[in-house]
2 protein chains.
Amino acid sequence: MIMPYQASADLFKTLAHPARLAILSILRDGEQCVCHMEAMLKLRQAYISQHLKVLKDAEIVSDRRDGWNMYYHVARPEIFEVIDPMIVLTGQPEGIPHAHSRAECPCPKCHPEDGLIVPGQVMLVSE
Amino acid sequence: MIMPYQASADLFKTLAHPARLAILSILRDGEQCVCHMEAMLKLRQAYISQHLKVLKDAEIVSDRRDGWNMYYHVARPEIFEVIDPMIVLTGQPEGIPHAHSRAECPCPKCHPEDGLIVPGQVMLVSE
DNA sequence: CAATAATATTCATAATGTCGAATATGATTA
DNA sequence: TAATCATATTCGACATTATGAATATTATTG
């Protein structure tokens, strides 16, 4: 009588952590690398990786390697049909501030070739 | 950066148990007493009470006493806007069987005055 | 008020989740 | 191939949750 709800309960458990909800919020608009999340959330890299593993094991996100960076994206966008009503229910502001500016984020996606030299950045050098 | 999601994460945690999802499913169509849930879910009474307390502390359900029975109902029906998409996402059958028949349920709501004598039943005795 | 019915609470233990620190891995560059 | 960068994994202490058993509580009946 309870068993049919096990899968839902498990997935709810996956969502039951503020860091994981914040990560999913970042991935909502498309894939991002881990260093981007690190800059936006101001959390340690290893900590973010741990939560990404939980999300990946639950098959909510997938990853893709590109050189040094791992890019994560939402594999089941339907998850937002669960998350969004919850955010409404708990009365949080629609646009949760990400406290993010390109200047703070060292990831290549945020620093294409704008002349800013950042560790790890791939640059096009004209002689 | 993570804090704004604390409330949502907490409420997800409340939903992250199959027994609590099963209880909410029973309460979906209106209030029910604890003994009714006991009969439907085939779980120990004390166990159900513990989960009801979690739901009550989260203000998802409320209770009302009527004589010997405590009747619980959903205080925030919006919670189903969170639960339903999750059940769709995890691919469970729409109508989850409750394995319930009036014969099995001793609660007064299931045994109005149909002549069946059940412990605890309130009866109208004509002389 | 004693007995009883329905429900709640407390307690103990096992299981699980959190999170920091340290370390490991894989791709890339020099 | 050694150094480096981005990321992942492992380990351990600690906190929280799950769950059964026992007991307490509250309303009702006689």
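The values are calculated or read from the model by the stated rules, or taken from the named source; none is laboratory data. Quick caveat, the model's predicted, so the values are computed rather than measured. We place every Cβ from the backbone using ideal geometry, glycine too, and count neighbours over all the protein chains shown.
Being closer than 30 Å to A:Asp84 by Cβ, surrounded by fewer than 16 Cβ atoms within 10 Å (Cβ to Cβ) and within 16 Å of DNA strand D (Cβ to nearest atom) is a condition met by at least one residue of the stretch B:9-19. Cβ-Cβ contacts under 6 Å between residues 6 or more apart (or on different chains), taken from a first residue in the stretch A:76-87 that is more than 7 Å from chain B (Cβ to nearest Cβ) to a second residue that is assigned to a helix (DSSP H, G or I) and surrounded by fewer than 15 Cβ atoms within 10 Å (Cβ to Cβ), are absent. Among residues of the stretch A:25-38 that are without any contact (Cβ under 8 Å) to a residue 40 or more places away in the chain, those with a Cβ under 8 angstrom from a residue that is of a type in the set (Ser, Thr, Tyr) and in a helix (DSSP H, G or I), sequence gap 6+ or separate chain, pair up as A:Val34/A:Ser49.
Residues in the stretch B:38-62 that are crowded, with 17+ Cβ neighbours inside 10 Å and either among the basic types (Lys, Arg) or within 8 Å of DNA strand C (Cβ to nearest atom) (or both): B:Glu38, B:Ile48, B:Leu52. Scoring B:Arg65 on the criteria (1) surrounded by 15 or more Cβ atoms within 10 Å (Cβ to Cβ); (2) modelled with pLDDT of 95 or more leaves a single failure, condition (1).
Of the residues that make up the stretch B:9-17, is at least one under 30 Å from A:His36 (Cα atoms), part of a helix (DSSP H, G or I) and small (Gly, Ala, Ser)? Spell out the reasoning first.
We begin by selecting, within the stretch B:9-17, every residue under 30 Å from A:His36 (Cα atoms); these are B:9-13, B:16.
Next cut, part of a helix (DSSP H, G or I) only: B:9-13.
Narrowing further to those that are small (Gly, Ala, Ser): B:9.
Yes, the stretch B:9-17 contains at least one residue that is under 30 Å from A:His36 (Cα atoms), part of a helix (DSSP H, G or I) and small (Gly, Ala, Ser).
Please verify whether B:Val54 is within 9 Å of DNA strand D (Cβ to nearest atom) and among the aliphatic types (A, V, I, L, M), treating the condition exactly as stated. Answer is yes for this residue.
Within the stretch B:20-37, the set of residues being more than 13 Å from DNA strand C (Cβ to nearest atom) and under 24 Å from A:Thr14 (Cβ atoms) comprises B:Arg20, B:Leu21, B:Ala22, B:Leu24, B:Ser25, B:Arg28.
Give the stretch A:65-82 a look and list any residue that's more than 10 Å from DNA strand D (Cβ to nearest atom) and under 14 Å from the mean Cα position of the chain (by Cα), or say none. Residues satisfying the conditions are A:His73, A:Val74, A:Ala75, A:Arg76, A:Pro77, A:Ile79, A:Phe80. If the condition is being more than 21 Å from A:Pro18 (Cβ to Cβ) and loosely packed, with under 14 Cβ neighbours inside 10 Å, then the stretch A:68-77 contributes only A:Trp68.
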